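Heads up: the structure comes next, in structure tokens.
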Amino acid sequence: MNISVIGLGKLGLCTAACFAAAGHRVTGYDMHDQLRLELRKGICPIDETGLPALLERAGSNLQIADSCREAVANSEITLIIVPTPSMQNGRFTNQYVVRVLEDLAPALQAKNEFHVVDVVSTVMPGSAEREFIPLLEGKTGKRCGIDFGLVYNPEFIALGSVVRDFLNPDMVLIGASDERSGNMVQELYTTTCVSAPSFQVMSLVNAEITKISLNCFVTMKISYANALAELCEQVPGADVDAVTKAVGADSRVGGKYLKGGLGFGGPCFPRDNIAFQAFAEEFGAEALLGKAVVSVNNSIPQRLLGRITAHCAQPAQVVLMGMSYKADTHIVEESQAVMLAQLLLDTGYSVTVHDPRALGAVRQVLGDAVSYCSDPYQAAVGAKAIILLTDWPEYRELDWTRIAAQSSAPCLLLDAWRTAHAAAAAGLLYCPVGVHTQLEAQG
């Protein structure tokens, strides 16, 4: 199929590359001149696992246009993948989507063929029918569902695994203005996905509600597991992993995302919860469950701080290992590791941070308030407490005996994901999150 992708950022470029590598002819456009120039030179401008190799496989199937109108003219389906930032009231703004729709309207008006406009960006429920369709019909003089189609087709991916998640989805969500448009988008994904996903085709507004409500449900499982972890820390003999393993084995629950540790972060989950609450309030409802989920999530950095202050007083040196909001990405947006660093600084501790990929991003947030170390062993020198946060694979291979020798005994190792069991034998005061551990205050 002939596809155009407007917006070649973290998700947009991966989407375009996946379609092109699957044999579709893709025309991409992004408003940033430098990004288009780098892509034409064969440079991958986005730091995302597997993307450089995917772009190589895409080859000439991916072409870069000089305008949105050119991209639309050369395609039969246009995917819009631009930011929808959160406003102060928690709702998403459609300003960038609207700008693209206004830009592509002349090309849509000039086409004789049926064309599908596919909004991938996450939007508030009601956006398509109240804003997007009236805009396109007014600008083009055409009728939605007859002369052109509108689809809402958000992705369920995570940074660091965008390519894998895109090609292997459990479900593809398609909200369509008409049957023809829904079928065209379903065919596109059927011929691209490696897995055999479930296709959920529905009305536009139902798809808009599904997107944010599904993400909210996932965060509910995360907060539930973290609430269990907090409880297990207080009960002698309790272990959150034993509890969540059994709970997740029940098919009514499922084990995905049911693991006590850090809370959710990144660019999607936190804001989707707030947006869902704003959406509910718009219609006179109250998202009580969502508020509780956010409350549990926000409490975790403070809880970790309490474990640290119980062991050592400021200005002791505390080392934070893993600063990105999840492994396999440099993104620190809404990272609870960064939140903990700020709490420690505010309390008067000396903070050193390590991360395999995110130190540059952390520096943009925390500046010179913390010390940065690219070597985990060097970071441990003089540490009174080491906090193992992001579950990077590299941390599972660390020599804890060496780290214990570098630290200031007795040194606490607070392990968010319970992967460093060898640390206890190495001489560190091992304290796994979600497991009852009795430690003496060290002063």
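Each Lys and Arg contributes +1 and each Asp and Glu -1, all at the Cβ; summed about the Cα centre of segment 341-439, the dipole is approximately 120 debye.
One equal scatterer on each Cα of segment 1-128, no solvent, Debye formula: the resulting log10 I(q)/I(0) at q = 0.21 Å⁻¹ is -1.21. Here the ratio of the Cα radius of gyration of segment 307-384 to 2.2 N^0.38 Å is 1.02. Taking one quarter of the surface of the convex hull spanned by the alpha-carbon atoms of the chain gives a direction-averaged projected area of 22.1 nm². With the highest mean first, a sort of the peptides 198-204, 228-234 on other beta-carbon atoms found within 10 angstrom per residue produces 228-234, 198-204. Of the whole protein surface, ASP368 contributes about 140 Å² of accessible area at a 1.4 Å probe radius. With the highest mean first, a sort of the peptides 283-294, 59-70, 379-390 on other beta-carbon atoms found within 10 angstrom per residue produces 379-390, 59-70, 283-294. Measuring between alpha carbons in the structure, the pairs from LYS41/LYS111; LYS211/LYS326; LYS41/LYS256; LYS211/LYS256; LYS256/LYS384; LYS326/LYS384 lying more than 29 angstrom apart are LYS41/LYS111; LYS41/LYS256; LYS256/LYS384.
The ellipsoid equivalent to the alpha-carbon distribution of segment 249-375 has semi-axes of 30, 17, 16 angstrom, derived from the gyration tensor eigenvalues as √(5λ) and listed largest first.
Computed from Cα atoms, the angle from the helix 288-311 axis to the main principal axis of the chain rounds to 30 degrees.
Ellipsoid semi-axes for segment 95-230, based on the Cα gyration tensor and the rule √(5λ), read 31, 17, 13 Å when sorted largest first. For segment 10-84, the extents of the C-alpha atoms along the principal axes are 29, 26, 26 Å, listed from largest to smallest. For the chain, the relative contact order comes to 11 percent (Cα pairs under 8 Å, sequence separation of at least 6). For segment 88-136, the dipole from Cβ point charges (+1 on Lys and Arg, -1 on Asp and Glu) about the Cα centre works out to 140 debye, to the nearest 20.
Counting 0.36 nm for each residue step from GLU281 to GLU397 and taking away their Cα separation leaves a gain of 37.0 nm.
Over segment 351-443, Cα pairs under 8 Å with separation of 6+ residues give a relative contact order of 23 percent. D by Stokes-Einstein for segment 314-443, Kirkwood Rh over Cα pairs, 37 °C, 0.692 mPa s: 226 µm²/s.
Residues whose amide H comes within less than 5 Å of that of LEU79, counting only those at least five positions distant or on another chain, are SER4, VAL5, ILE6, ASP118 (H built at 1.01 Å from N in the peptide plane).
How many percent of all Cα-Cα pairs in segment 376-441 sit more than 18 Å apart? That tail contains 26 percent of the Cα-Cα pairs. Cross-link partners for LYS291 among the aspartates and glutamates, with Cα-Cα distance under 14 Å and sequence neighbours closer than 8 places in the same chain left out: ASP272, GLU281. Taking segment 172-187 and a reference point 7 angstrom along Cα→Cβ of PHE114, the backbone N atoms nearer than 18 Å belong to 174-187. For segment 233-331, what is the relative contact order in percent, using Cα pairs closer than 8 Å and at least 6 residues apart in sequence? Taking the mean separation of contacting Cα pairs over the length of segment 233-331, I get 21 percent. Annotation for GLU76 and LYS41: the two label points, set 7 Å from Cα along the Cα-Cβ direction, are 3.6 nm apart. Here the ratio of the Cα radius of gyration of segment 73-139 to 2.2 N^0.38 Å is 1.14.
The values are calculated or read from the model by the stated rules, or taken from the named source; none is laboratory data. Here the structure is a predicted model, which means the values were calculated and not measured. Ideal geometry is used to build each Cβ from the backbone, glycine not excepted, and the neighbour counts take in all protein chains shown. Just so you know, the surface numbers come from the protein's heavy atoms only, side chains and all, with ligands and any DNA or RNA stripped out. Shrake-Rupley method; radii C 1.70, N 1.55, O 1.52, S 1.80 Å.
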